[in-house]
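Novice: Structure below; questions to follow.
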Amino acid sequence: MKPYKELSREELLTCKEELDRRYKEAQSKGLNLNMSRGKPEKGQLDMGMGLMSILDADCDMKSEDGTDCRNYGELDGIMEAKVLMSGIMGIQDPNDVILFGNGSLSTMYDAVCRSYVSGVLGCTPWCKLERVKFLCPVPGYDRHFAITEHFGIEMIQIPMTTEGPDMDLVEQYVKDDSVKGIWCVPKYSNPQGISYSDETVRRFAALEPAAEDFRIYWDNAYAVHHLYDNDQDEILDILEECAKAGHPDMVYVFGSTSKISMAGAGIAAMAASQRNLDSIKKSIAIRTICYDKINQLRHARYFHSMDAVKEHMRKHADILRPKFEAVLDVLEQELGGLGIGSWVKPKGGYFITFEAMDGCAKNIVRKCKEAGVTLTNAGAPFPYGKDPHDSVIRIAPSFPTPDELAAATDLFVLCVKLASLEKLLEESGGSHE
């Protein structure tokens with residue numbers, strides 16, 4: 001079929017009549033499917049069940065240095081788990097790592113909260129400043145934006161390019177001393193699957209922010225989440241690059257095993273300069289004596305080397321890859337050449353980003369929901385939930401079964417076609433009913 005924009009009004013109306021019929025049929029199926037979050041499916045969670053038996057009542061609960069993991073102490077975590085997390089996060093020195101609880105989101109929240117309440121390395125606490133701003137690459141991770149919005153921090157959109165955030169804009173904005181940070185998902189970004197180029201990482205490391213307490217919040221959530229064995233992205237170690245550039249304190253790196261082992265029972269980590277870490281440890285020592293060292297020990301013994309991690313992640317990829325490819329195949333078969341949407345094939349991560357015609361995303365998501373398929377809210381990948389073009393939709397293929405995914409994707413492309421036709425008919429004048 002030729003591109004929709006080349007169809008006459010009569011052809012658009014004829015096409016819409018057929019799609020309306022198919023949409024009513026879809027509604028009658030009583031679907032109840034959810035593709036709103038990047039949740040691992042049951043098979044992925046089952047792969048980590050060995051964690052449950054790696055320690056038992058007869059097991060030696062001591063870390064390699066003799067620490068009894070059942071007791072208090074070791075505020076920043078046991079060394080073998082630091083080694084594990086530094087390998088996963090791409091950090092050279094395990095001593096640059098602190099271990100936290102079961103997920104990195106709370107670790108990032110706490111980092112912002114500390115800055116807001118107590119300040120960064122002696123700087124004025126953000127709560128005492130008239131204005132605090134954050135740079136937000138878009139489309140991006142909605143939970144990042146929720147954190148900064150929660151603290152009343154003004155968010156500034158930075159468009160993403162194929163090599164990462166628009167660094168020309170970043171370099172300009174950091175000249176404002178009220179700009180205190182930037183959110184980054186540097187590898188297989190949420191939701192586009194973009195990995196930052198070496199040049200982008202080096203430009204981040206070379207930033208000269210006006211604010212002494214400016215920090216890069218480097219959420220390396222998908223560091224080992226490749227979909228393919230022979231086509232994988234790698235990024236530079238931002239901590240090392242910042243040190244080389246003479247800015248060792250400018251970055252916080254976050255990571256976790258949440259989509260490696262168990263989504264609700266992983267371990268989270270943060271890496272930073274020793275100066276940053278010393279300050280952070282003073283703060284966290286007030287709120288806790290230690291985190292869950294038994295879970296740290298469990299992970300360190302189960303994932304005893306990076307080779308073990310890589311092999312485990314290949315099994316994840318074997319489950320995820322067919323799902324991603326199935327969605328992409330349907331998009332290409334059903335929407336390719338119609339001129340009503342675009343998408344990129346990611347090499348890793350958990351999402352596919354679909355970019356519809358301007359003004360169509362909310363309508364597509366609404367139509368899907370009314371026919372039984374829940375997607376992430378349109379606008380979610382933008383600060384304040386406001387997509388200026390109303391065009392970006394995040395697709396999360398991981399959780400549904402193959403049959404559910406097929407049904408959901410078929411409905412999705414149907415809704416894309418229908419919403420696009422309605423938009424074109426509206427633009428051509430008159431009602432499209």
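The values are calculated or read from the model by the stated rules, or taken from the named source; none is laboratory data. Everything numeric here is computed off the predicted structure, so don't read it as measured data. Quick reminder, even Gly has a Cβ in these numbers, built from the backbone with ideal geometry, and neighbours come from all protein chains shown. For the accessible areas, the whole protein counts, side chains as well, though only heavy atoms, and no ligand, DNA or RNA atoms are used. Shrake-Rupley method; radii C 1.70, N 1.55, O 1.52, S 1.80 Å.
Novice: In nm, to one decimal, how far is the Asp68 label point from the Ala245 one, both placed 7 Å along Cα→Cβ?
Specialist: Going from the Asp68 label point to the Ala245 one covers 4.7 nm.
Novice: Given a 1.4 Å probe and heavy atoms of the protein chains only, how would you sort Arg394, Arg114, largest accessible area at the top?
Specialist: Arg114, Arg394
Novice: Given a 1.4 angstrom probe, what's the average accessible area per residue across the range 303-409, in square angstrom?
Specialist: On a per-residue basis, 41 Å².
Novice: In nanometres, what is the gap between the two model label sites at Cys59 and His150, each 7 Å from Cα along Cα-to-Cβ?
Specialist: 3.1
Novice: Moving on. Rg and Dmax of the range 1-125 over Cα atoms: what are they, in angstrom?
Specialist: In Å, with Rg to one decimal and Dmax whole: 26.9, 78.
Novice: Between Glu208 and Ile319, how high is the FRET efficiency from 1/(1 + (r/R0)^6) when r is the Cβ-Cβ distance and R₀ = 45 Å? Nearest 0.05.
Specialist: Values: r = 44 Å, r/R0 = 0.98.
Efficiency, rounded to the nearest 0.05: 0.55.
Novice: While we're here: Report the percentage of all Cα-Cα pairs in the range 348-433 whose separation exceeds 19 Å, rounded to a whole percent.
Specialist: 39
Novice: On average, how much accessible surface per residue is there in the range 71-135, in Å², for a 1.4 Å probe, leaving out ligands, DNA and RNA?
Specialist: On the way: 2670 Å² over 65 residues.
So the range 71-135 comes to 41 Å² accessible per residue, rounded to a whole number.
Novice: Ok, one more. Run the reach check for Lys128 against aspartates and glutamates, Cα to Cα strictly under 16 Å, same-chain hits fewer than 8 apart removed. What comes back?
Specialist: Straight-line reach from Lys128, under 16 Å: Glu154, Asp177, Glu212, Asp213.
Novice: While we're on this one: Using a cut-off of 23 Å between alpha-carbon atoms, which lysines can reach Lys24, once sequence neighbours fewer than 8 places away in the same chain are excluded?
Specialist: Straight-distance partners of Lys24: Lys16, Lys362, Lys367, Lys369, Lys417, Lys423.
Novice: Multiplying the sequence separation of Val344 and Met49 by 0.36 nm and subtracting their Cα-Cα distance, what value in nm do you get? Show your work: numbers first, answer last.
Specialist: On the way: separation 295, 0.36 × 295 = 106.20 nm, distance 3.34 nm.
Result for the pair: 102.9 nm of gain on full extension.
Novice: When the chain is modelled as a GNM with alpha-carbon springs shorter than 10 Å, which of Glu18, Glu212, Glu130 fluctuates the most?
Specialist: Checking each option, the largest mean-square fluctuation is seen for Glu130.
Novice: Also, I was wondering about something else. Label Lys29 and Leu121 with points 7 Å out from Cα along Cα→Cβ: what is the distance between them in nm?
Specialist: Output for this residue pair reads 5.5 nm.
Novice: Continuing with the same structure: Take the Cβ-Cβ distance between Asp329 and His304 as r, set R0 to 25 Å, and report the resulting FRET efficiency rounded to the nearest 0.05.
Specialist: The pair Asp329/His304 has a calculated efficiency of 0.10.
Novice: Mean projection of the alpha-carbon convex hull of the range 162-317 over all orientations, in nm²?
Specialist: 10.5
Novice: Okay, next question. Over all directions, average the projected area of the Cα convex hull of the chain and note it in nm².
Specialist: For the chain, the mean projected area of the Cα convex hull comes to 22.6 nm².
Novice: Which cross-chain or sequence-distant (5 or more) residues have an amide H under 5 Å from the amide H of Arg215, H modelled 1.01 Å from N in plane?
Specialist: Long-range HN contacts for Arg215: Gly181, Ile182.
Novice: Next up: Taking loop as defined by DSSP and a crowding limit of 10 other beta carbons within 10 Å, which chymotrypsin sites (Phe, Trp or Tyr not before Pro) in the range 43-113 fit?
Specialist: Sites meeting the loop and neighbour criteria: Tyr72.
Novice: If you don't mind, there's one more thing I want to ask. Which ³J(HN,Hα) values, rounded to whole Hz and listed in residue order, are derived for the range 51-56 from phi using the Karplus coefficients 6.51, -1.76 and 1.60 in 6.51 cos²θ - 1.76 cosθ + 1.60 with θ = phi - 60°, glycine and proline given as x?
Specialist: 4, 6, 10, 5, 10, 9
Novice: Here's something else I'd like to know. How many angstrom separate the Cα center of the range 355-385 from the Cα center of the range 3-28?
Specialist: Going from one Cα centre to the other spans 20 Å.
Novice: Suppose every Lys and Arg Cβ carries +1 and every Asp and Glu Cβ carries -1, with no other charges. What dipole size does the chain come out with about its Cα centre, to the nearest 20 debye?
Specialist: 960
Novice: Could you work out how much longer the chain between Asp278 and Asp20 gets when fully extended? Use 0.36 nm per residue separation minus the Cα distance between them, nm to one decimal.
Specialist: My answer for the length gained is 86.7 nm.
Novice: To continue, here is another question. Which whole-Hz ³J(HN,Hα) couplings does the range 356-373 yield from phi under the Karplus relation 6.51 cos²θ - 1.76 cosθ + 1.60, θ = phi - 60°, glycine and proline marked x?
Specialist: Per residue, the Karplus-derived 3J(HN,Hα) values read 7, 4, 3, x, 10, 4, 4, 5, 5, 5, 5, 4, 4, 4, 6, 10, x, 10 Hz.
Novice: Moving to a separate point now. Give a residue-ordered list of calculated ³J(HN,Hα) values for the range 298-315 (Karplus: 6.51 cos²θ - 1.76 cosθ + 1.60, θ = phi - 60°; whole Hz; x for Gly, Pro).
Specialist: Coupling constants for the range 298-315: 4, 5, 5, 6, 6, 9, 6, 7, 5, 4, 5, 4, 4, 5, 4, 6, 5, 5 Hz.
Novice: While we're on this one: With a 10 Å cut-off between alpha carbons and a GNM built on the chain, which of Asp176, Asp65, Asp358 moves the most?
Specialist: Its mean-square fluctuation being the largest, the pick is Asp65.
Novice: Still on this structure: Would you list which lysines come within 16 Å of Lys62, measuring only between C-alpha atoms, while excluding same-chain residues fewer than 8 positions from it?
Specialist: List returned: Lys82, Lys293.
Novice: Which one, Asp110, Asp387, Asp60, has the greatest fluctuation when you compute a Gaussian network model over the chain with C-alpha springs under 10 angstrom?
Specialist: Between Asp110, Asp387, Asp60, it is Asp60 that shows the largest mean-square fluctuation.
Novice: What's the extension gain from Glu10 to Lys386 if we count 0.36 nm per residue and subtract their Cα-Cα distance?
Specialist: Details: separation 376, 0.36 × 376 = 135.36 nm, distance 3.38 nm.
132.0 nm is the gain from fully extending Glu10 to Lys386.
Novice: Please name whichever of Ser305, Ala272, Phe399 sits farthest to the positive end of the charge dipole of the range 269-419, dipole taken about the Cα centre and charges placed at Cβ: Lys and Arg +1, Asp and Glu -1.
Specialist: Toward the positive end, the furthest listed residue is Ala272.
Novice: Something else about it: Give the distance, in whole Å, between the Cα centre of the range 186-211 and the Cα centre of the range 282-335.
Specialist: First find each Cα centre; the distance between them is then 22 Å.
Novice: Once amide H atoms are placed 1.01 Å from N in the peptide plane, what residues at a sequence separation of 5 or more from Asn34, or on another chain, have their amide H within under 5 Å of its amide H?
Specialist: Those qualifying (amide H under 5 Å, at least 5 residues apart or on another chain) are Thr374.
Novice: Okay, next question. If one puts a single equal scatterer on every Cα of the range 251-387 and applies the Debye formula without solvent, what log₁₀ I(q)/I(0) results at q = 0.17 Å⁻¹?
Specialist: With one equal scatterer per Cα and no solvent, log10 I(q)/I(0) is -1.10.
Novice: Which percent, nearest 5, of DSSP beta bridges in the chain are antiparallel?
Specialist: 45
Novice: If you roll a 1.4 Å probe over the chain with all protein chains in place, what percent of the accessible area is carbon or sulfur?
Specialist: Ligands and nucleic acids excluded, carbon and sulfur reach 48 percent.
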